1. Could you check how many residues of segment 29-74 are modelled with pLDDT of 55 or more and of a type in the set (D, E, K, R)?
2. Looking only at segment 232-252, which residues are open to solvent by 40 Å² or more (accessible area, probe 1.4 Å) and assigned to a strand (DSSP E or B)?
3. Looking at (1) in a strand (DSSP E or B); (2) under 25 Å from the mean Cα position of the chain (by Cα), can you tell me which one K161 breaks?
4. Across segment 112-147, what is the total count of residues that are farther than 14 Å from L61 by Cα and touching a residue at least 40 places away in the same chain (Cβ under 8 Å)?
5. Just the residues that are touching a residue at least 24 places away in the same chain (Cβ under 8 Å), charged (D, E, K, R) and more than 19 Å from E187 (Cα to Cα), please, taken from segment 79-111.
6. Does Q229 satisfy the criteria of being within 20 Å of L141 (Cβ to Cβ) and either surrounded by fewer than 18 Cβ atoms within 10 Å (Cβ to Cβ) or at pLDDT below 95 (or both)?
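The values are calculated or read from the model by the stated rules, or taken from the named source; none is laboratory data. Computed from a predicted structure; not experimentally measured. Don't worry about glycine lacking a Cβ; one is built from the backbone with ideal geometry, like all the others, and counts go over all protein chains shown. With ligands, DNA and RNA removed, areas are computed over all heavy atoms of the protein, side chains included. Shrake-Rupley method; radii C 1.70, N 1.55, O 1.52, S 1.80 Å.
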Amino acid sequence: MNYRILPLYAVVALLSFSSCKNQENNEEEENKTEKSVRDTESQNINIEPLKESPAYQDSGLSLIIPENNQFTKNTVEFKFNVDNYELGAQTTKNEITSRLANSDKGQHIHFIVDNEPYSAHYETEFSKDFSEGTHHIVAFLSRSYHESVKNDQSFITKTIKIGSSPDERSNVDFKKPTLIYSRPKGEYSGKDIENLLLDFFLLNTTLSENGNYVKATINGETFKITKWQPYIIKGLSKGQIDIRLQLFDNNDQPIKGEYNDVTRSVLLK
């Protein structure tokens, strides 16, 4: 049997190549492991009921002006009346709510136009600019950490027409079961990303195990919500979070309505 003796430089090159290859394999395995961990973490999403918030069952919101629904100007003045609720005050917190994103300006009104993200108002009087056409408005009281006050007097709905354009065709009917998206909204950073408030408002419907329900889809994870209350989203990673809320009946069929299927994105930094 003949043995071939390799030159020293060839042996060194061979050992170097083997070492590099092993390093590449190790790095590839580490990358796979890290990706697997990240994927697992990204799917570790859950929601928990938010409890023990002040109830404010006697608090109320009513609209004083405008009284009419037709306007020639694009700017409309609004004036509200608030009962048993203090705008600008900080809502009493507990161990959980103290971890939520909170407004330094205190309690406020969530003012929603055409199902767009709300604007927050800390006074009872303000003006809003509208484009020409028909617009649908929902407003309700909000705690300082943006949880809506949920009772029969805490909200108003109104449809207005701006200018002389014909009415726009719309499926919005505030007398039918309607889902109104509220939170989360915008961008979150620091400790605020650990507990995101999931909150919505309902008109003309209730939720139950055997009745209507809300389906929440959060970055691909789905949750069936059978009780109207606020929830805390946990287990989210930094980056864009996509949230879809849908209103379903007891036969698992979507309830028709322009607001009853909405998707929003927020950013965790």
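1. 6
2. Scanning segment 232-252 gives K234, Q240, D242, R244.
3. (2)
4. 15
5. Those that are touching a residue at least 24 places away in the same chain (Cβ under 8 Å), charged (D, E, K, R) and more than 19 Å from E187 (Cα to Cα): K79, D83, K93.
6. Judged against the criteria, Q229 is a match.
Conditions (1) surrounded by fewer than 18 Cβ atoms within 10 Å (Cβ to Cβ); (2) in a loop (DSSP other than H, G, I, E, B); (3) free of Cβ contacts under 8 Å to residues at least 40 places away in the same chain, marked per residue:
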{"residue": "N171", "(1), (2), (3)": "yes, yes, no"}
{"residue": "S182", "(1), (2), (3)": "no, no, no"}
{"residue": "K191", "(1), (2), (3)": "yes, no, no"}
{"residue": "T206", "(1), (2), (3)": "yes, yes, yes"}
{"residue": "E209", "(1), (2), (3)": "yes, yes, yes"}
{"residue": "T217", "(1), (2), (3)": "yes, no, yes"}
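Results for (1) in contact with an Asp or Glu (Cβ under 8 Å, 6 or more places away or on another chain); (2) open to solvent by less than 30 Å² (accessible area, probe 1.4 Å); (3) closer than 14 Å to H110 by Cα, shown as yes or no for each residue.
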| position | (1), (2), (3) |
| --- | --- |
| P54 | no, no, no |
| G60 | yes, yes, yes |
| P66 | yes, yes, no |
| N69 | no, no, no |
| E77 | yes, no, no |
| D83 | yes, no, no |
